[in-house]
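Notes to accompany the following structure.
The values are calculated or read from the model by the stated rules, or taken from the named source; none is laboratory data. What you see is a predicted model, and the numbers here were worked out from it, not measured in a lab. Virtual Cβ from ideal backbone geometry, glycine too; neighbours counted across all protein chains shown. Heavy atoms of the whole protein, side chains included, go into the accessibility calculation; ligands, DNA and RNA do not. Shrake-Rupley method; radii C 1.70, N 1.55, O 1.52, S 1.80 Å.
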Amino acid sequence: MRARQRAGLGPHAELPDAIAEVFPADAVVARDVTIASSSWGNRLLPIHDPRANVFPRGGGIGQGLGMALGAALADETRPTLGIVGDGGLAVHFGELMTLAQERPWLVLLVFNDRGYGVLRNMQESLGQRPYGVDLATPDFAALSAALGLDYRRIGDAGDARAVLRDAAALRGPVLVEVDLASYGDMPAPFTLRSPYRARRPDAVQATAITIPHHEGRSS
Ligand SMILES: Cc1ncc(C[n+]2csc(CCOP(=O)(O)OP(=O)(O)O)c2C)c(N)n1
Ligand SMILES: [Mg+2]
């Protein structure tokens, strides 16, 4: 299963390998709901301690940075890794100011595909034109500089190990952008099975709706 999972990731398979190599086995990995989590973060990262595995099972985007901050502030003896998408991070951009203020040992890995990637992929897989999924995204280097945060960029699978090692060695907050425009795509775009597929007009089946007759009631 792991081999099959990896085969679908192409150059992205380098990322869980690099994380497992660079971060201590008991480092918390707090993940937002993003393609990086759904495709490999929740599936291929080895978890050695259940307390190191933080993920919002309810599926709401935006909580990742807050959870990573809490974990990093609770244990300052080792680095914490946060995995977020550009869209999920935007929901709680203000938490970046908490990161800049409290300065925990947190590597915040931001997957920047300039949009709600998983929704864009789902729309395209349904033959639709992307709608409402291409987001205005900040210049993360400039944003980090404005907040006094260290910044690093991963633009290629070959960068991943060295950049993550350098970032984790800073012993403080650092925003690491994975620039997906230059990193390269997965062999097949990642999608979730759409609950709407069955509801397309050509797939709708007539359903008899029966309204129960309340026998014996006078009204
Ligand atoms: C609060 C909330 N709003 C909307 C959604 C629907 N949703 C699921 S994934 C997603 C895209 C998130 O974008 P990003 O964080 O950039 O991750 P990407 O899919 O691009 O990897 C959205 C909007 C959600 N899960 N939770
Ligand atoms: Mg995105």
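What to note about this one:
- Conditions (1) under 15 Å from the mean Cα position of the chain (by Cα); (2) without any contact (Cβ under 8 Å) to a residue 24 or more places away in the chain: number failed by Ser39: (2)
- Evaluation of Thr137 against the conditions (1) more than 16 Å from ligand 1 (Cβ to nearest atom); (2) in contact with an Asp or Glu (Cβ under 8 Å, 6 or more places away or on another chain); (3) of a type in the set (Ser, Thr, Tyr) shows that the sole unmet condition is (1).
- Filtering segment 105-134 to residues that are in contact (Cβ under 8 Å) with a residue 60 or more places away in the chain and more than 16 Å from ligand 1 (Cβ to nearest atom) leaves Trp105, Leu106, Val107.
- Pairing each residue of segment 3-28 that is under 17 Å from Asp166 (Cβ atoms) and at pLDDT 95 or above with any residue that is of a type outside the set (A, V, I, L, M) and crowded, with 21+ Cβ neighbours inside 10 Å, provided the two are 6+ apart or on different chains, yields C-beta distances under 7 Å for Leu15/Trp40; Phe23/Pro79; Ala27/Pro79; Ala27/Thr80.
- Residues satisfying the stated conditions in segment 114-129, i.e. open to solvent by 50 Å² or more (accessible area, probe 1.4 Å) and part of a loop (DSSP other than H, G, I, E, B): Arg114, Tyr116, Gly127, Gln128, Arg129
- Residue that is nearest to the chain's Cα centre (by Cα) [pool: residues in segment 69-94 that are away from ligand 1 (no atom under 14 Å from the Cβ) and under 25 Å from Asp179 (Cα atoms)]: Leu81
- Subset of segment 43-96 (residues that are outside any loop (DSSP other than H, G, I, E, B), open to solvent by 50 Å² or more (accessible area, probe 1.4 Å) and of a type in the set (D, E, K, R)): Arg51, Glu95
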